[in-house]
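Undergrad: There's a structure below that I have some questions on.
The values are calculated or read from the model by the stated rules, or taken from the named source; none is laboratory data. Model, not experiment: these values are computed from the prediction. Counting neighbours? That spans all protein chains shown, and the Cβs are built from the backbone with ideal geometry, glycine included. Surface accessibility is based on the protein's heavy atoms, side chains included, excluding ligands, DNA and RNA. Shrake-Rupley method; radii C 1.70, N 1.55, O 1.52, S 1.80 Å.
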Amino acid sequence: MIDISNLTNLITALRAETAKDAISPDSLGALLQKITDVIATAAQSSEVSDIDNWKTAISSISSCLIGIEQNLSDRNNVYLDINTA
C-alpha cells in the first residue's frame, strides 16, 4: 500500500488557500508536479507483489536441507544421513 500522507498534506495545503485568486495556474501546476513527484517515488504494485510472493514462499518452508553424510554401508547398500533445519 502506498503512503499517501504526503499527497494528503499537499492537497490540504491547497484547500487551505482562502484569499481571492490565491490559486493560479502556476500554483496549481506546482502542486500537480509535487503530486507527480511523490507518485514517481512510490513502489510499483508489481514490486510489492513480488516481495509478498517471496515472503509467502519462504514462510511456507517447513525445513531446509543443510547436509548429507555417508552413514554405515554394506556390500548391497550405502546409507545416508540427511540433516535438516
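Undergrad: Using percent of Cα pairs over 21 Å apart as the read-out, say which of (i) 52; (ii) 48; (iii) 63 was calculated from these coordinates.
TA: (iii)
Undergrad: Give the accessible surface of the chain per residue, rounded to a whole number of Å², with probe radius 1.4 Å and ligands, DNA and RNA excluded. Let's see the in-between values first.
TA: Numbers: 7520 Å² over 85 residues.
Per-residue accessible area for the chain comes out at 89 Å².
Undergrad: Springs between alpha-carbon atoms under 10 Å, Gaussian network over the chain: tell me which of Asp37, Asp21, Asp50 tops the mean-square fluctuations.
TA: Its mean-square fluctuation being the largest, the pick is Asp21.
Undergrad: Using alpha-carbon pairs under 8 Å, 6+ residues apart, how would you state the relative contact order of segment 45-85 in percent?
TA: Working: 34 pairs, mean separation 13.7, N = 41.
Relative contact order comes out at 33 percent.
Undergrad: Only four residue types carry charge here, +1 at the Cβ of Lys and Arg and -1 at the Cβ of Asp and Glu. Report the dipole size of segment 25-85 about the Cα centre in Debye, rounded to the nearest 20. Could the numbers behind the result be given before it?
TA: Numbers: 3 positive and 8 negative charges, 14 e Å.
Taking the Cα centre of segment 25-85 as origin, the dipole is about 60 debye.
Undergrad: Still on this model: May I ask you to list the trypsin sites (Lys or Arg not before Pro) in the chain that are in a DSSP loop and have at most 13 other Cβ atoms within 10 Å of their Cβ?
TA: Lys20, Arg75
Undergrad: Let me ask another. Among Leu7, Ser24, Val78, which residue has its Cα positioned farthest towards the positive end of the charge dipole of the chain, with +1 placed on the Cβ of Lys and Arg, -1 on the Cβ of Asp and Glu, and the dipole taken about the Cα centre?
TA: Of the candidates, Ser24 comes out farthest on the positive side.
Undergrad: Relative contact order for the chain: what percent, with Cα pairs under 8 Å and sequence separation of 6 or more? Provide the component values of the computation, followed by the final result.
TA: Details: 46 pairs, mean separation 17.0, N = 85.
In percent, rounded to a whole number, it is 20.
Undergrad: Please go through the chain and write out the GluC sites (Glu not before Pro) that DSSP classes as loop and that have at most 15 other C-beta atoms within 10 Å. Spell out each step's value before the answer.
TA: On the way: sites: Glu17, Glu47, Glu69; in loops: Glu17.
Here the GluC sites (Glu not before Pro) that fit, given the DSSP loop and packing criteria, are Glu17.
Undergrad: Could you tell me what percent of the accessible area of the chain is made up of carbon and sulfur, with a 1.4 Å probe and every protein chain present? Walk me through the numbers before you get to the answer.
TA: Numbers: 4250 of 7520 Å².
Of the solvent-accessible surface of the chain, carbon and sulfur hold 56 percent.
Undergrad: If I require 20 Å or longer along the helix axis, counting alpha carbons, and a Kyte-Doolittle average no lower than -1.0, what helices from the chain are left? Use full DSSP H segments.
TA: Numbers: long enough: 25-41 (24 Å, 0.56); 45-59 (21 Å, -0.51).
TM-like helix candidates: 25-41, 45-59.
Undergrad: In nanometres, what is the gap between the two model label sites at Ala22 and Ala40, each 7 Å from Cα along Cα-to-Cβ?
TA: My value for the distance between the label points is 2.8 nm.
Undergrad: Which one of Ser73, Ser24, Ser60 has the biggest mean-square fluctuation once the chain is modelled by GNM with Cα springs under 10 Å?
TA: Maximum fluctuation in the GNM of the chain, among the listed residues, is at Ser73.
Undergrad: For Asp52 and Asn6, what does the FRET efficiency come to when R0 = 22 Å and r is the distance between their Cβ atoms, rounded to the nearest 0.05? Could the numbers behind the result be given before it?
TA: Working: r = 23 Å, r/R0 = 1.05.
Efficiency computed from Cβ-Cβ geometry: 0.45.
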